[in-house]
There are 2 protein chains.
Amino acid sequence: MNSQNSNQNSNGETSKAIYERAVDVLTGGVSRNTIFRKPHPFYAASANGSFIKDIDGIERLDFANNMASLVHGHSHPAIVNAVTEQLQKGSAYTMGSEAEVLFAELLIGRSPEFEKIRFMNSGTEAVMTMIKASRAYTGKPKIAKAEGAYHGTYDYAEISQTANPSNWGDINNPNAVPVVQGTPQKVLDDVVIFPFNDIKRTIHLLDQNANQIACVLIDPVPHRIGLFPATSEFIEAIYNWTRKNNALLVFDEVVSYRVNFAGAQCSYSVKPDLTALGKIIGGGFPVGALAGKAKIMEVLDPRGTFLKHPHSGTFSANPISMTAGRVAMEMFDEQAVSNLNALAMKARKQIEEVIKIADVPMCLTGAGSMFKLHFQKHAPNTYREAYQNKETREIINELLDYLFLKEDIIMINTLACMFSTTLTQKDIDRLSEALLRGIKIMKPKIDKLV
Amino acid sequence: MNSQNSNQNSNGETSKAIYERAVDVLTGGVSRNTIFRKPHPFYAASANGSFIKDIDGIERLDFANNMASLVHGHSHPAIVNAVTEQLQKGSAYTMGSEAEVLFAELLIGRSPEFEKIRFMNSGTEAVMTMIKASRAYTGKPKIAKAEGAYHGTYDYAEISQTANPSNWGDINNPNAVPVVQGTPQKVLDDVVIFPFNDIKRTIHLLDQNANQIACVLIDPVPHRIGLFPATSEFIEAIYNWTRKNNALLVFDEVVSYRVNFAGAQCSYSVKPDLTALGKIIGGGFPVGALAGKAKIMEVLDPRGTFLKHPHSGTFSANPISMTAGRVAMEMFDEQAVSNLNALAMKARKQIEEVIKIADVPMCLTGAGSMFKLHFQKHAPNTYREAYQNKETREIINELLDYLFLKEDIIMINTLACMFSTTLTQKDIDRLSEALLRGIKIMKPKIDKLV
């Protein structure tokens with residue numbers, strides 16, 4: 001166990017007290033369910049590099065990085081300095097700022113498939129705009145998306161994200177399962193759900209809706225499906241289907257853009273028509289973006305005589321997010337991406353060794369600077385294989401609690417790690433040693449899962 | 001004309017050069033159509049208080065305040081200091097922060113109808129979450145909204161925002177007109193469009209969809225309809241209808257919250273079930289919020305055994321926006337609201353005097369710290385009355401250009417002003433004098449409009 005904080009109060013008494021105030025004013029005491037934990041969330045006081053200090057003074061090593069959005073850890077001095085300077089000049093105007101042009105130039109220069117870009121405020125907004133732009137361009141109403149994939153909170157994009165054995169239906173024709181109660185049936189009717197990485201079934205489902213589909217939406221490394229990459233064959237098959245059927249292939253790279261210098265898409269021989277971005281490109285500030293082919297992005301061009309997709313946004317392309325994003329992405333150059341991926345691969349190997357030593361039926365999946373632990377012997381290849389039942393969820397929460405409370409280590413609540421460039425070999429040693437201790441303690445329960 | 005900048009280059013040569021780079025990378029060269037202007041947008045270099053300096057060094061007096069979102073002008077030192085301090089502690093964590101609790105306490109304390117609140121990243125997200133929460137609570141699929149009202153870019157919320165005489169249909173049964181081409185017919189089928197402030201027709205339309213309506217969405221001072229308040233009778237009639245028909249009355253106060261200390265809603269004897277917030281509550285940083293009755297907000301509570309409306313968001317309640325928002329709203333206390341509204345009322349009276357002196361068929365509408373100029377003799381009461389045809393739009397653009405280029409004054413592109421607390425009597429004198437000169441120049445064209 002980590003000794004640094006061991007004499008301190010790690011029960012989170014102050015966090016508990018703040019949460020008691022929070023439940024009086026915030027529904028459930030939170031604004032993001034991802035930070036909720038039983039019996040209460042913990043509150044951050046300050047964060048620097050790879051470490052977050054909570055309000056009781058406990059410092060924890062952070063592998064969550066605000067749900068994968070901080071690729072240089074917390075309070076990176078270059079970002080803090082640039083934002084501090086911009087703050088003096090204003091945070092938002094009813095005018096343009098060079099900051100958005102500089103950042104657009106950087107991203108367009110980085111990813112060859114990005115011919116034009118437009119900024120917004122979140123990944124949710126980026127995916128929503130991508131779907132609306134696809135409909136505007138093709139004139140067709142439906143979208144197709146993978147069962148289990150998370151794409152933000154726009155109804156169409158979130159269907160079947162939380163599908164489970166009681167409602168997911170036949171794998172040959174998966175049900176469109178609402179995430180939010182009261183989702184209009186008419187929304188469900190316009191969403192085609194397919195099994196990720198399953199070419200035959202997916203093409204069959206797409207064929208059944210051939211004239212109706214505006215776009216096929218893919219996260220090439222979908223975290224909630226199980227954090228394993230789409231196969232080249234799968235992407236190629238879908239790409240070819242979209243070419244034959246006047247549909248668009250659109251990627252949600254809000255999370256996965258970090259995987260390679262030009263996004264996860266650079267691993268495939270075929271490329272998406274449009275890409276939604278968010279998370280790391282904001283340098284720790286709210287951001288979303290839609291990038292892609294100029295002829296499609298044109299639906300958003302206000303100069304046209306008939307503007308197909310009017311779009312604005314009070315805080316879109318605000319100079320704070322644009323400045324922070326540019327500085328963060330300048331620092332996340334080819335060498336930095338390569339080093340970070342190598343460090344994450346090193347961590348994966350060490351954790352695979354931990355699994356071997358502990359002799360538990362566990363495995364790892366991932367790509368680039370992200371990986372996820374699974375409570376099964378062989379790496380899952382589909383959402384249904386990776387699906388965690390209630391018993392598994394309980395063990396995951398127990399392991400997360402152990403890491404958080406006893407080892408002062410923060411992982412994402414799916415047992416995933418999203419690395420930042422501030423992490424070191426020492427940090428991954430600490431992670432693998434902590435995991436070994438935790439897994440050993442829980443081995444009897446883990447063994448019983450199988 | 002304003003002499004201060006008169007010797008400088010006001011043709012925006014540097015802005016023109018930046019825009020030439022922008023069009024290579026951003027669709028149409030912008031991320032927000034609101035900042036687009038022909039032949040090119042202007043780019044801000046810095047902004048302070050009521051003034052924005054563009055990249056060619058021209059300083060302009062700002063009545064747009066980033067589309068009504070800056071109620072204390074630009075770079076307010078109290079906000080800059082608080083954000084600068086928070087920056088050192090981090091901009092976002094996968095943990096809570098006391099900043100969100102403090103800000104929630106402030107807003108809950110401010111508006112008696114807010115029992116619980118949840119934060120998100122934009123007004124668009126706030127309205128979307130409000131609609132989804134309404135469906136989750138009532139189990140019904142449709143929403144009703146006013147023709148012409150702007151509520152962000154969620155499909156359901158944006159229907160008929162830009163309805164025009166060629167497509168708006170019979171006033172007794174207005175068409176659901178898509179804003180974005182390719183909007184699914186199924187979306188249009190789930191949106192009931194009613195004429196704002198028209199009780200008889202609205203109730204009739206609601207009655208026709210009685211069992212289907214989850215919520216009636218109202219902006220109590222809808223900017224795009226014409227910036228005049230909903231009448232008490234209208235709000236009461238809709239409120240009573242929702243009570244009888246198990247529907248929710250939900251307010252979009254993203255813009256109008258500034259109108260009174262506790263929002264425009266405090267002017268009515270009946271209150272909304274839910275309220276969407278944004279703009280000024282972010283203190284110049286990206287923000288959205290949903291507030292309202294605890295029993296309805298409960299659909300978002302992650303502690304429940306059956307969570308009806310799962311919701312998260314990477315940047316939701318980030319401590320930068322929460323801190324800036326809290327400081328801004330603390331300063332926007334009852335006295336500040338009252339002073340600002342009085343200054344705006346003074347400006348309205350001066351501009352009404354200008355209209356009289358210039359003897360043109362124009363008028364003003366507004367509420368609180370917002371007002372809008374119309375090219376008609378009598379104040380419009382409906383969207384269709386306030387609707388601007390192409391000829392009027394051209395004159396508006398000409399007057400906006402005159403103000404921007406010759407008087408160094410920025411208004412919102414609808415000819416509206418949204419005041420900030422940094423404005424002074426001197427500034428409104430400058431505005432009314434500039435308007436007098438501009439309107440006099442354009443009088444022949446304005447007279448011809450009628």
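Since every read-out is calculated from the coordinates, none of them should be taken as a lab result. What you see is a predicted model; the values in this text were computed from it and never measured. Positions of Cβ are backbone-derived with ideal geometry, glycine not excepted, and every protein chain shown enters the neighbour counts.
Please name whichever of A:Met297, A:Thr323, A:Ile351 sits farthest to the positive end of the charge dipole of chain A, dipole taken about the Cα centre and charges placed at Cβ: Lys and Arg +1, Asp and Glu -1.
Most positive-ward Cα: A:Met297.
If you look at just the Cα atoms of chain B, how large are its Rg and its Dmax in Å?
Calculated on Cα positions, Rg and Dmax stand at 21.9, 68 Å.
Label position 7 Å from Cα toward Cβ: report the copy-to-copy distances for A:His204 in nm, one decimal, ordered from shortest.
Taking the point 7 Å beyond Cα along Cα→Cβ, the inter-copy spacings are 5.3 nm.
Can you tell me the dipole magnitude for chain A around its Cα centre, using point charges on the Cβ only (Lys, Arg +1; Asp, Glu -1), in Debye to the nearest 20?
Computed charge dipole of chain A: roughly 540 debye.
DSSP beta bridges in the protein assembly as shown, what fraction antiparallel, as a percent rounded to 5?
55 percent
Give the lysines reachable from B:Lys16 as a straight Cα distance under 16 Å; neighbours fewer than 8 places away on the same chain don't count.
Counting by Cα, and skipping residues close in sequence, B:Lys16 has these lysines nearby: B:Lys38, B:Lys53.
Tally Lys/Arg at +1 and Asp/Glu at -1 over every other residue whose Cβ is under 11 Å from the Cβ of B:Val177; what's the total?
Once positives and negatives cancel, what remains is -2.
In whole Hz and in residue order, list the ³J(HN,Hα) couplings for the stretch A:43-58 that follow from phi through the Karplus curve 6.51 cos²θ - 1.76 cosθ + 1.60, θ = phi - 60°; x for Gly and Pro.
Result, ordered by residue: 10, 7, 9, 7, 8, 8, x, 8, 10, 10, 9, 7, 6, 8, x, 7 Hz.
Starting from the amide H of A:Phe194, placed 1.01 Å from N in the peptide plane, find each other amide H under 5 Å away whose residue is 5 or more places distant or on another chain.
So A:Phe194 has HN proximity to A:Lys145, A:Ala146, A:Glu147.
Of B:Lys372/B:Lys406; B:Lys142/B:Lys271; A:Lys372/B:Lys295; B:Lys349/B:Lys426, which ones are farther than 25 Å apart at the Cα?
A:Lys372/B:Lys295
Which distances, shortest first and in nm, link B:Gly304 to the matching position in the other copies, using label points set 7 Å out along Cα to C-beta?
4.1
State, to one decimal in nm and shortest first, how far the label point of A:Lys440 sits from each corresponding label point in the other identical copies (label point: 7 angstrom along Cα-to-Cβ).
Here the equivalent label points are 8.9 nm apart from this one.
So how far, in whole Å, is the C-alpha centre of the stretch B:141-196 from the one of the stretch B:38-104?
About 33 Å separates the Cα centre of the stretch B:141-196 from the one of the stretch B:38-104.
May I ask you to derive the relative contact order of the stretch A:122-188, considering only C-alpha pairs under 8 Å and at least 6 residues apart, and to give it as an integer percent?
With pairs under 8 Å counted, the relative contact order is 25 percent.
Note down the magnitude of the dipole of the stretch A:77-331 about its Cα centre, charges +1 on Lys and Arg C-beta and -1 on Asp and Glu C-beta and zero elsewhere, to the nearest 20 debye.
360 debye
Taking all pairs of different Cα atoms in the stretch B:77-331, averaging 1/r and flipping that mean, what Kirkwood radius in angstroms comes out?
18.6 Å
Using alpha-carbon pairs under 8 Å, 6+ residues apart, how would you state the relative contact order of the stretch B:77-331 in percent?
Relative contact order comes out at 29 percent.
Placing unit charges on C-beta atoms (Lys and Arg positive, Asp and Glu negative, everything else neutral), compute the dipole magnitude of the stretch A:1-114 about its Cα centre in debye, rounded to 20.
Charge dipole of the stretch A:1-114: 340 debye, to the nearest 20.
Counting DSSP beta bridges with both partners in the stretch A:77-331, what percentage is antiparallel, nearest 5?
Rounded to the nearest five, the antiparallel share is 40 percent.
What's the local net charge at B:Lys53, with K and R +1, D and E -1, over the other residues with C-beta under 14 Å away?
Combined, the nearby Lys, Arg, Asp and Glu give -4.
When Lys and Arg each count +1 and Asp and Glu each count -1, what net charge do the other residues less than 12 Å away from B:Val270, Cβ to Cβ, add up to?
Result for the neighbourhood of B:Val270: -2.
Before rounding to the nearest 500, sum -39500 (n - 2.57) across all DSSP H runs of length at least 4 in chain A and divide by the residue total; then give [θ] at 222 nm in deg cm²/dmol.
Only helices count here, giving -11500 deg cm²/dmol.
What per residue convex hull volume, in Å³, comes out for the protein assembly as shown when only alpha-carbon positions are used?
Taking only Cα atoms, the protein assembly as shown has a hull volume of 142 Å³ per residue.
Cα extents of the stretch B:81-147 along the three principal axes, largest first, in whole Å?
Extents along the principal axes, in whole Å: 46, 26, 25.
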